[in-house]
Amino acid sequence: MGKARILILGGTTEARALAAALASRADLEVVLSLAGRTADPAPQPVPVRSGGFGGAEGLARYLRDEAIDLVVDATHPFAARISANAAAAAAECHVSAFALRRPAWVPVEGDDWLSVHSVSQAIAALGDAPLRVFLATGRQEAHQANAAPQHHYWVRSVDPVEPPLAVPYVNYIHGRGPFRLADELDMLRQHQIEVVVAKNSGGDATYGKIEAARQLGIKVIMVERAEAAGLPVVETVDAALGRIDHFASSLMKRGV
């Protein structure tokens with residue numbers, strides 16, 4: 001009897017932790033797919049497939065060609081297009097699928113958040129008066145800042161922002177999380193940041209800036225997530241493992 005073949009759509013700490021937990025399982029064959037957006041990806045515990053699939057159609061072809069039994073969408077909460085493609089391809093191929101999504105952050109006492117639905121809305125919400133802005137949305141949407149060149153931006157990303165922003169006042173900070181609270185406090189103080197623009201990624205790795213902003217009384221313009229498309233959702237790696245165990249045992253009972 002063959003092993004259950006699992007495709008994890010990754011790029012998050014949860015995807016990596018899930019892959020690590022499954023790596024030694026003799027009853028499973030696991031492939032981790034990475035979008036290939038980061039120039040120097042961290043080493044992974046299971047075989048990796050890098051690059052896009054070519055939309056829902058390309059992903060469906062891959063699921064058929066590789067005889068995948070289960071898809072776990074553990075992409076970033078803001079990778080909405082990939083999630084929609086995963087749901088569509090799994091449905092087309094009659095392949096089981098679920099999403100692993102860390103819970104979103106929620107404001108607590110002392111937080112000063114303005115919730116918006118896109119990075120462009122966040123930039124518009126900064127207003128006309130020049131501000132010192134920490135832009136922590138990742139490099140792909142950093143260019144939205146070009147619409148408001150009056151502000152002074154500090155942009156943090158794993159890889160350089162290409163092309164650079166077309167604004168007169170910009171500094172680039174390169175770094176890969178997790179970021180410690182003490183370091184985030186130092187950074188916000190050192191640059192005298194007045195407002196933080198962030199995406200509601202959830203999780204611990206990048207929460208430091210949110211906690212630091214709260215302690216310093218700095219406003220956060222928070223880009224909230226869109227609803228996850230069409231897949232059942234679990235919020236922890238443990239819950240994902242439980243679901244995979246259940247799936248693998250039902251597959252064995254069917255004798256597939």
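The values are calculated or read from the model by the stated rules, or taken from the named source; none is laboratory data. In this text, all values refer to a predicted model and were calculated from it rather than measured experimentally. Cβ placement follows ideal geometry from the backbone for every residue including glycine, while neighbour counts extend to all protein chains displayed. Please note that ligands, DNA and RNA were not included when accessible areas were found on the heavy atoms of the full protein model with its side chains. Shrake-Rupley method; radii C 1.70, N 1.55, O 1.52, S 1.80 Å.
Just to be sure, is residue 42 in a helix (DSSP H, G or I), of a type in the set (A, V, I, L, M) and open to solvent by less than 50 Å² (accessible area, probe 1.4 Å)? Even if it seems obvious, please write down each step before you answer.
Values: in a helix (DSSP H, G or I): no; of a type in the set (A, V, I, L, M): yes; open to solvent by less than 50 Å² (accessible area, probe 1.4 Å): yes.
Considered against the rule, which asks whether it is in a helix (DSSP H, G or I), of a type in the set (A, V, I, L, M) and open to solvent by less than 50 Å² (accessible area, probe 1.4 Å), residue 42 comes out as no.
Tell me, yes or no, whether the range 219-230 has at least one residue that is modelled with pLDDT of 90 or more, open to solvent by 60 Å² or more (accessible area, probe 1.4 Å) and outside any strand (DSSP E or B).
No: the range 219-230 contains no residue that is modelled with pLDDT of 90 or more, open to solvent by 60 Å² or more (accessible area, probe 1.4 Å) and outside any strand (DSSP E or B).
If only one of 56, 122 is touching a helix residue (DSSP H, G or I) at 6+ places or on another chain (Cβ under 6 Å) and crowded, with 19+ Cβ neighbours inside 10 Å, which one is it?
Working: 122 fails: touching a helix residue (DSSP H, G or I) at 6+ places or on another chain (Cβ under 6 Å).
Step by step, each of 56, 122 is checked, and only 56 is touching a helix residue (DSSP H, G or I) at 6+ places or on another chain (Cβ under 6 Å) and crowded, with 19+ Cβ neighbours inside 10 Å.
Mind checking which residues of the range 3-21 are closer than 24 Å to residue 77 by Cβ and surrounded by fewer than 24 Cβ atoms within 10 Å (Cβ to Cβ)? Break it down stepwise before answering.
We begin by selecting, within the range 3-21, every residue closer than 24 Å to residue 77 by Cβ; these are 6-21.
Result: 11, 12, 13, 16, 17, 19, 20, 21.
Filter the range 125-167 down to the residues that are open to solvent by 40 Å² or more (accessible area, probe 1.4 Å), modelled with pLDDT under 95 and not in a loop (DSSP other than H, G, I, E, B) and list them by number.
Within the range 125-167, 139, 140, 141 qualify.
Considering only residues of the range 202-218 that are in a loop (DSSP other than H, G, I, E, B) and in contact (Cβ under 8 Å) with a residue 40 or more places away in the chain, which is least open to solvent (accessible area, probe 1.4 Å)? Give the derivation first.
Filtering the range 202-218 down to residues in a loop (DSSP other than H, G, I, E, B) leaves 202-207, 217-218.
Cutting the leftovers down to in contact (Cβ under 8 Å) with a residue 40 or more places away in the chain gives us 202-203, 205-207, 217-218.
Values: 202: 1, 203: 22, 205: 35, 206: 35, 207: 48, 217: 62, 218: 17 Å².
By that ranking, first place goes to 202.
Are any residues in the range 168-194 open to solvent by 90 Å² or more (accessible area, probe 1.4 Å), under 20 Å from residue 218 (Cα atoms) and under 21 Å from the mean Cα position of the chain (by Cα), and if so, which ones?
180 - this is the single residue of the range 168-194 that is open to solvent by 90 Å² or more (accessible area, probe 1.4 Å), under 20 Å from residue 218 (Cα atoms) and under 21 Å from the mean Cα position of the chain (by Cα).
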